[in-house]
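Q: Here it is: the structure, laid out below.
The values are calculated or read from the model by the stated rules, or taken from the named source; none is laboratory data. Bear in mind the structure is a predicted one, so any value in this text is a computation, not a measurement. Glycine gets a Cβ as well: all are built from the backbone with ideal geometry, and neighbour counts include every protein chain shown.
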Amino acid sequence: MKRVGIISDRRVFDGMAVHQANDEYIEAIRDGAGAFPLLIPSTDRPLDAAGVLAQVDGLLFTGAPSNVAPTHYGQTARPGTELDEIRDATSLPLLRAAVQSGKPLLAICRGFQELNVALGGSLHQHVHEIPGRLDHREPSGRARDEEYAPAHSITIVPGGLLARLSGQSEAKVNSLHHQGIDRLAPGLKAEAHAPDGQIEAVSHASAPGFLLGVQWHPEWRFAADALSRAIFQAFGTQL
């Protein structure tokens with residue numbers, strides 16, 4: 001069975017550092033991609049990227065409550081921004097190495113933003129403050145099913161990777177983010193847009209291996225959604 005490395009968050013629980021990845025990602029890799037999920041920790045001394053790549057057949061960069069530190073794209077963090085700079089130190093070099101090596105990768109939510117930053121792009125720290133943009137944040141005080149319910153439509157770019165693997169031209173996706181792509185990184189190309197023009201999916205114009213990033217959360221109840229199933233199946237076939 002092929003192995004997929006899943007990037008973990010570094011959180012503090014009961015006064016101790018823990019490495020964490022939501023169960024939905026693990027199930028989507030196991031059952032949707034047909035691969036063995038292997039957690040990659042974010043440690044004080046980052047694991048060697050080449051060493052990680054040698055142990056896995058693909059990589060999943062997960063979503064998280066934290067944000068990529070804005071210092072990585074030349075900005076200062078807004079007050080109250082939750083960071084995970086130890087994860088940044090693991091994920092950003094690993095993304096660059098994975099793209100260069102052609103190792104198949106799937107990047108979701110924070111991972112989608114990490115991908116853009118790692119390759120030289122920038123982020124809007126608060127999309128909802130930009131005139132004309134939707135409020136892409138999850139509703140507060142709602143049950144989890146309501147938080148992850150479809151929130152807005154996306155238009156899928158004709159002829160792109162996402163269109164080819166899904167056979168769809170539009171879809172409804174969930175939305176649980178307040179940051180989003182500002183300047184698209186060199187080499188990346190948009191694969192889908194929200195109604196307000198916000199980039200919702202990307203691929204790489206010349207990456208030697210499978211590469212897809214999405215801003216929404218296809219791992220949430222993936223088996224019940226045609227687009228989500230298509231994403232994880234396509235990822236699995238490329239491992």
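Q: Does residue 223 satisfy being part of a loop (DSSP other than H, G, I, E, B), over 16 Å from residue 157 (Cβ atoms) and aliphatic (A, V, I, L, M)?
A: no
Q: Shifting gears a bit: Is there a residue in region 189-204 that is modelled with pLDDT under 95, under 13 Å from residue 112 (Cβ atoms) and not hydrophobic (A, V, I, L, M, F, W, C)?
A: Scanning region 189-204, I find no residue that is modelled with pLDDT under 95, under 13 Å from residue 112 (Cβ atoms) and not hydrophobic (A, V, I, L, M, F, W, C), so the answer is no.
Q: To continue, here is another question. In this structure, is residue 229 surrounded by fewer than 16 Cβ atoms within 10 Å (Cβ to Cβ), touching a helix residue (DSSP H, G or I) at 6+ places or on another chain (Cβ under 9 Å) and at pLDDT 95 or above?
A: Criteria not met by residue 229.
Q: Right, another one. Sort through 28, 107, 98 and tell me the only one that's surrounded by 18 or more Cβ atoms within 10 Å (Cβ to Cβ), in contact with an Asp or Glu (Cβ under 6 Å, 6 or more places away or on another chain) and either without any contact (Cβ under 8 Å) to a residue 24 or more places away in the chain or among the hydrophobic types (A, V, I, L, M, F, W, C) (or both).
A: After applying the criteria, what remains is 28.
Q: Another question, then. Just the residues that are over 25 Å from residue 33 (Cβ atoms), of a type outside the set (Gly, Ala, Ser) and buried (at least 16 other Cβ atoms within 10 Å of the Cβ), please, taken from region 58-71.
A: 67, 70
Q: Give me the pairs, please: first residue somewhere in region 75-95 and within 18 Å of residue 111 (Cβ to Cβ), second residue anywhere and among the acidic types (Asp, Glu) and in a helix (DSSP H, G or I), beta-carbon distance under 8 Å, and either six or more positions apart or on two chains.
A: Between residues of region 75-95 that are within 18 Å of residue 111 (Cβ to Cβ) and residues that are among the acidic types (Asp, Glu) and in a helix (DSSP H, G or I), the close pairs are 88/114; 91/114; 92/114; 95/114.
Q: Could you list, in sequence order, all residues of region 31-40 that are more than 14 Å from residue 238 (Cα to Cα) and in contact (Cβ under 8 Å) with a residue 40 or more places away in the chain?
A: Answer for region 31-40, where residues must be more than 14 Å from residue 238 (Cα to Cα) and in contact (Cβ under 8 Å) with a residue 40 or more places away in the chain: 31, 40.
Q: Considering every residue within region 61-68, establish whether at least one is out of contact with any Leu (no Cβ under 6 Å at 6 or more places or on another chain), over 22 Å from residue 217 (Cβ atoms) and at pLDDT 95 or above.
A: No: region 61-68 contains no residue that is out of contact with any Leu (no Cβ under 6 Å at 6 or more places or on another chain), over 22 Å from residue 217 (Cβ atoms) and at pLDDT 95 or above.
Q: Still on this model: Taking strands (runs of 3 or more DSSP E) that do not extend beyond region 146-193, which have at least 3 residues that are crowded, with 20+ Cβ neighbours inside 10 Å and not polar (S, T, N, Q)? Spell out how you get there, then give the answer.
A: On the way: elements: 152-156, 170-173, 188-193.
Per the criteria, 188-193.
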